[in-house]
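The values are calculated or read from the model by the stated rules, or taken from the named source; none is laboratory data. Predicted, not measured: the structure shown is a model, and the values here were computed from it. Cβ sites come from the backbone with ideal geometry, for glycine too, and all protein chains shown count toward neighbours.
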Amino acid sequence: MTRFAGGPSQSPGFLLWHTTMRWQRVMTATLAPLDLTHVQFVLLACAWWLGEHGDPPRQSQVAAQAGTDPKMTSDVVARLEAKGLLRREQDPADARAKFVLVTPAGAALAARAIKVVEDADASFFTEVDSTALASTLRTLSGIG
């Protein structure tokens, strides 16, 4: 019934699922003191990074960078805007598009959050070759 004679613990997909769930619990605990969900962190960090490395990003660019659904991104960006971490401005060249601008409070929180997330990642992945793992994950995710 399965190609894995040793059971689920032999299945890369099953192992990836369990690893992802364990890692997400670590991220949730890490970000809770900052009053951020993991998706809020990812979108705030992506908006900050894109803004720091180019022109202010459109909301669609933030979603693409994060790999998130555009509608869900809009909902989460609205929550971050309500917290005063982001603000949106209409793109004068496209009435359907909005720029996402990180506020000073958002930039400060992004910096703090990136630090604690990177520290949590370093601790979580301490027992593996993180360079090799990152290379494998880039291949599997389709990210160049």
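Quick look at the numbers
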| item | result |
| --- | --- |
| Flag if Leu43 is at pLDDT 95 or above, out of contact with any Phe, Trp or Tyr (no Cβ under 8 Å at 6 or more places or on another chain), more than 22 Å from Ala134 (Cβ to Cβ) and among the hydrophobic types (A, V, I, L, M, F, W, C) | no |
| Residue that is within 17 Å of the chain's Cα centre (by Cα), of a type in the set (A, V, I, L, M) and closer than 27 Å to Gly142 by Cβ, where the choices are Ala64, Ala107, Ala97 | Ala64 |
| First in the range 79-97 and over 15 Å from Pro56 (Cα atoms), second anywhere and surrounded by 11 or more Cβ atoms within 10 Å (Cβ to Cβ) and among the charged types (D, E, K, R), Cβ under 7 Å, 6 or more apart | Glu81/Arg87; Glu81/Arg88 |
| Conditions (1) more than 14 Å from Gly106 (Cβ to Cβ); (2) in a helix (DSSP H, G or I): number failed by Leu80 | (1) |
| Counted residues, the range 36-61 - those being under 15 Å from the mean Cα position of the chain (by Cα) and either in a loop (DSSP other than H, G, I, E, B) or not small (Gly, Ala, Ser) (or both) | 15 |
| Search result, residues across the range 1-35 that are in a helix (DSSP H, G or I) and charged (D, E, K, R) | Arg22, Arg25 |
| Enumeration of residues in the range 34-78 that are of a type in the set (Phe, Trp, Tyr) and touching a residue at least 40 places away in the same chain (Cβ under 8 Å) | Phe41, Trp48 |
| Residue list for the range 112-144, restricted to those being more than 22 Å from Thr19 (Cβ to Cβ), without any contact (Cβ under 8 Å) to a residue 40 or more places away in the chain and either surrounded by 10 or more Cβ atoms within 10 Å (Cβ to Cβ) or of a type in the set (A, V, I, L, M, F, W, C) (or both) | Lys115 |
| Residue among Val102, Val117 that is out of contact with any strand residue (DSSP E or B) (no Cβ under 9 Å at 6 or more places or on another chain) and not small (Gly, Ala, Ser) | Val117 |
| Residue match in the range 11-26 (condition: surrounded by 11 or more Cβ atoms within 10 Å (Cβ to Cβ) and of a type in the set (Val, Ile, Thr)) | yes |
| Any hit, the range 70-77, residues being buried (at least 16 other Cβ atoms within 10 Å of the Cβ), at pLDDT 95 or above and either of a type in the set (Asp, Glu) or not in a helix (DSSP H, G or I) (or both) | no |
| Count of the range 93-144 residues which are part of a strand (DSSP E or B) and under 21 Å from Met27 (Cβ atoms) | 1 |
